[in-house]
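So the structure is just underneath, and the comments pick up after that.
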Amino acid sequence: MANSIQAIRNVYDIAKGARDNESPMSDEEIVKLLERTVSDKSLIPKYHRFEKGYAAEDLFMRIFSLLPWVKTVVPLGQEQFPEKSKEELQVPDYEITFEAGSETNTSCVLIEVKLVDGDKQTHELQKYKYDVLKKYSCQKNEPLLFGIFWRKQGVWTINSIESFAEKSSAYKISYENACLDDLSAIFGDYTYLFRRQCYRKSKFSQKEDIKTDFIHIHEKYGRTVYEGLSLDGKSFEPLCMLEPSVLDCAFDFNEISCNKLSETDIELIEKYIRIPYVYKLSSLILAYLLKIYCFDKNDMYYKNNIVVENSFGIVDTVRRKCGGEKFYLMPYNINKMATQMIELQFGQVNHIMEAYKNAPRENGDRIIVSHEYGLNYQKTGKELMSQDEIAVMDGGKCIMQLRGVRPFFSDKFDITKHKRYKELSDFDPKNAFDIEDYVKHLHRMKVTPDTEVDDRKGGY
């Protein structure tokens, strides 16, 4: 049976390779190949079920190999000898080597890939299957995690067995709980938060001989000749031909102006219909590949090309131009494996560890922690003030944040009315305190012929 399963995998790889070379095999050709190579004929009708599983495994390898902290994703193969060894030990699908805490430090985890297909909202793992995987994990002394693809939602989650509910003969996990306890942040799977209004400028031309790098053709205005983004609606940063597709798959825009530049050229200005938007990096990459026809959601096939290989850089560049911020999703439930993984990756980052260990866990709020500063937010929670609230805050008020107390409102003080205002550098730059000039005169010893010196050896 093991040889037959490996033969099915070989047929799948041949069929995928043919498709990669744009010479796809027909169903009849695949069946003939299966009949010639698979000894257990009862498995041949189940080929499409195997095909789904293998496609999910390949998709995992592609998407997670694009994440910024992942060094290698190594397939561990289907073959295992002696064949009876699977009754005692089961080799997982992948071993991931990733940066752990710094660029110079790496660690490894084992990944078993699982597919949740159709309308299912729960994954069930038989206990005996977990036991043989866990035994292999213990012998290799590497943590075992599960990469679960929730196909209907187009979302990958990374979960430990502690996130599953233990039943009599199986472990079960729902989509909701898998998302709450997702550990994919350890691989650099950022949570992108877009909460600033963004403006999109597009220029189109109906000239037949127009030269442009853009492929898109607007059904009404013609060929795209320019795309740009702005956070203030005035200064626009241009996009390259590969970047607009990120906008199209991630955001909904509303037209705010349409200007006729000439008889053939049109300029369109749009802005977000709503804010904020929240995306996980892995999900946004997958949506981008779908948008540019490099991923087929019907059978989970993806193309291998230079655009796919550079998709993280493309997506993250657009994120920056849109004013998106990087956050990390922390697992909701604190357990042994989650703590081990979070400490491994973020143990030296105090504000992230503080959020993981001490953030309030109420009503299933998802805890996301800033990449750059010590503020943590919750998906259904609320900040002290939103960006829009700050924008319309009374100009005579300010927010004070002092160590040891909660942030509070305060009246602003007009320093020009202070009686010693003329002593400040705001009044005259010559009043600025030069710390370097000050310290260079300190601690200089003056020695004269009358200075007494203790020349005894030794000291404190």
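In the range 94-104, is there at least one residue being free of Cβ contacts under 8 Å to residues at least 60 places away in the same chain and over 25 Å from the mean Cα position of the chain (by Cα)?
No, there is no match, as no residue in the range 94-104 is free of Cβ contacts under 8 Å to residues at least 60 places away in the same chain and over 25 Å from the mean Cα position of the chain (by Cα).
Can you name the number of the only condition in (1) touching a helix residue (DSSP H, G or I) at 6+ places or on another chain (Cβ under 8 Å); (2) within 20 Å of Ile96 (Cβ to Cβ) that Lys140 fails?
(1)
Inside the range 1-118, counting only strands (runs of 3 or more DSSP E) that do not spill past its ends, which hold 3 or more residues that are within 28 Å of Gln139 (Cα to Cα) and touching a Gly at 6+ places or on another chain (Cβ under 9 Å)?
Values: elements: 70-75, 94-102, 105-116.
Hits in the range 1-118: 94-102, 105-116.
Of the residues Ile306, Ile334, Ile342, Ile314, which single one is free of Cβ contacts under 8 Å to residues at least 12 places away in the same chain and of a type in the set (A, V, I, L, M, F, W, C)?
Details: Ile334 fails: free of Cβ contacts under 8 Å to residues at least 12 places away in the same chain; Ile342 fails: free of Cβ contacts under 8 Å to residues at least 12 places away in the same chain; Ile314 fails: free of Cβ contacts under 8 Å to residues at least 12 places away in the same chain.
Just one listed residue meets the conditions, Ile306.
May I ask you to list the residues in the range 47-77 that are among the charged types (D, E, K, R) and either in contact with a Ser or Thr (Cβ under 9 Å, 6 or more places away or on another chain) or over 25 Å from Lys152 (Cα atoms) (or both)?
Lys71
Is one or more of the residues making up the range 128-145 without any contact (Cβ under 8 Å) to a residue 60 or more places away in the chain, within 15 Å of Lys280 (Cα to Cα) and in contact with a strand residue (DSSP E or B) (Cβ under 7 Å, 6 or more places away or on another chain)?
No, the range 128-145 has no match at all.
Run Asp40 past the list (1) in contact (Cβ under 8 Å) with a residue 60 or more places away in the chain; (2) touching a Ser or Thr at 6+ places or on another chain (Cβ under 8 Å); (3) among the acidic types (Asp, Glu) and report the number of the one that doesn't hold.
Answer for Asp40: the failing condition is (1).
Condition first: loosely packed, with under 15 Cβ neighbours inside 10 Å and under 30 Å from Phe64 (Cβ atoms). Now tell me which residues in the range 184-215 satisfy that.
Of everything in the range 184-215, just one residue is loosely packed, with under 15 Cβ neighbours inside 10 Å and under 30 Å from Phe64 (Cβ atoms), namely Ile215.
Can you tell me which residue is surrounded by the fewest Cβ atoms within 10 Å (Cβ to Cβ) among those in the range 81-121 that are charged (D, E, K, R) and within 21 Å of Phe346 (Cβ to Cβ)?
Glu103
Scanning for something outside any strand (DSSP E or B), in contact with a helix residue (DSSP H, G or I) (Cβ under 8 Å, 6 or more places away or on another chain) and in contact (Cβ under 8 Å) with a residue 24 or more places away in the chain, does the range 204-211 turn up at least one residue?
Our first condition is that a residue be outside any strand (DSSP E or B); within the range 204-211, this holds for 206-211.
Now drop any that are not in contact with a helix residue (DSSP H, G or I) (Cβ under 8 Å, 6 or more places away or on another chain), which leaves none.
No, the range 204-211 has no match at all.
Restricting attention to the range 167-183, which residues are closer than 16 Å to Tyr128 by Cα, modelled with pLDDT of 95 or more and either surrounded by 19 or more Cβ atoms within 10 Å (Cβ to Cβ) or not basic (Lys, Arg) (or both)?
Ala170, Tyr171
May I ask you to list the residues in the range 133-155 that are of a type in the set (A, V, I, L, M, F, W, C) and surrounded by fewer than 16 Cβ atoms within 10 Å (Cβ to Cβ)?
Residue satisfying the conditions is Cys138 alone.
Restricted to the range 216-252, and to residues that are among the aromatic types (Phe, Trp, Tyr) and in a loop (DSSP other than H, G, I, E, B), which residue is farthest from Cys322 (Cα to Cα)?
Tyr221
Answer yes or no as to whether Gly364 is among the small types (Gly, Ala, Ser) and either closer than 16 Å to Val278 by Cβ or in contact (Cβ under 8 Å) with a residue 24 or more places away in the chain (or both).
In short, yes.
Mind counting the residues in the range 17-42 that are modelled with pLDDT under 95 and crowded, with 17+ Cβ neighbours inside 10 Å?
Count: 1.
Find the residue count for the range 244-279, including only residues that are under 30 Å from Asp209 (Cβ atoms), touching a residue at least 24 places away in the same chain (Cβ under 8 Å) and either loosely packed, with under 13 Cβ neighbours inside 10 Å or out of contact with any Asp or Glu (no Cβ under 7 Å at 6 or more places or on another chain) (or both).
The number of residues fulfilling the criteria is 10.
The values are calculated or read from the model by the stated rules, or taken from the named source; none is laboratory data. Treat the numbers as computed from the prediction; the structure is a model and nothing was measured. A quick note on method: Cβ atoms are made from the backbone with ideal geometry, for glycine too, and the neighbour counts reach across all protein chains shown.
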